[in-house]
1. Could you identify the single residue in Glu211, Glu186, Glu235 that is at pLDDT below 95, among the acidic types (Asp, Glu), more than 15 Å from Ala111 (Cα to Cα) and crowded, with 17+ Cβ neighbours inside 10 Å?
2. For Met197, work out the one condition from (1) within 20 Å of Glu242 (Cα to Cα); (2) over 13 Å from the mean Cα position of the chain (by Cα) it doesn't fulfil.
3. Kindly indicate the residue of region 210-251 that is assigned to a strand (DSSP E or B) and touching a residue at least 24 places away in the same chain (Cβ under 8 Å) and also nearest to Leu180 (Cα to Cα) among those meeting that condition.
4. Identify all residues within region 95-124 that are surrounded by 23 or more Cβ atoms within 10 Å (Cβ to Cβ), assigned to a helix (DSSP H, G or I) and aliphatic (A, V, I, L, M); write none if there are none.
5. For Arg132, indicate whether it is over 12 Å from the mean Cα position of the chain (by Cα) and over 27 Å from Pro203 (Cα atoms).
6. Looking at region 178-190, can you tell me whether even one residue there is in contact (Cβ under 8 Å) with a residue 24 or more places away in the chain, part of a strand (DSSP E or B) and more than 19 Å from Val75 (Cα to Cα)?
Amino acid sequence: MLMKAEIKKVIKFGALSMILGGLSTSTCGSSESAAGLESGDTAAAVVTRPEYYQFRNASRGGTGKFYMGREISRVMGYQGASWLERPDREREQRTDLLIENLPLEADSVVADIGAGTGYFSFGIAKRIPKGRVLAVDIQPQMLAIIEDRKASGAPSNVETILGNERDTGLPEGVADLILLVDAYHEFSHPREMGEAMVRALKPGGRMVLIEYRGEDPSIPIKPLHKMTEKQVIAEMRALGLEWERTEDFLPQQHFLVFRHPPAQPINGPARD
């Protein structure tokens, strides 16, 4: 559990402007990532392609920026710091079942996108003693929290990687699994981030998205912080990912699994 002193350190550095447009954390969607710096960040090498986005009047809680018919939600502030490590989170969200049902092997390489305080990174690390977790966030202060936790005895097979709103910072073809927990719907550049994640997956690798069920109005989460199964599948297919299955064993969230198709063999010339 994240210590109060560590939470104060996050707030002191402004680390939880949490959930911004890329990797995020919020009290209404409990996204796992931390804030983003929209202007002048080191992502300049990755160019935003405006043809993917439309701009209209913003709805309540929205940005007015639309992708594939979906309005991208606003992000929450640092007030969400303690939300990630609240004592009753496991009971409310059954995060234990989430980690238990991830398709992992003992030596898997897992990228936790929007790792925040490392809540899932360290839980996953215990499941893959011969593997490693790449904890990606766009706030250096959040990554410092993860490093502090490692120094205090948390699993050491967690590596921190600084990303930005348009790129994960991950090497190409490195991950067996990419995990996003309540973060994708707040990406300010979902197309660019999605393509970066696909590049980071190994052929045959999987991506698991956890999102509050947009089909269920009884779930007390703001509408823009939910996603329907249909919308998620459409956006992932646009990236070239194959939908494998959706599981609803979690109390309020979809557990969606996608696969990066293996490269097809190139057939040589026909022989007589």
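The values are calculated or read from the model by the stated rules, or taken from the named source; none is laboratory data. None of the values given here were measured: they were computed from a predicted structure. With ideal geometry, Cβ positions are generated from the backbone for all residues, glycine too; neighbour counts draw on all protein chains shown.
1. Glu186
2. The failed condition is (2).
3. Filtering region 210-251 for residues that are assigned to a strand (DSSP E or B) and touching a residue at least 24 places away in the same chain (Cβ under 8 Å), the one nearest to Leu180 (Cα to Cα) comes out as Ile210.
4. Ile124
5. no
6. Yes, there is a match, as at least one residue in region 178-190 is in contact (Cβ under 8 Å) with a residue 24 or more places away in the chain, part of a strand (DSSP E or B) and more than 19 Å from Val75 (Cα to Cα).
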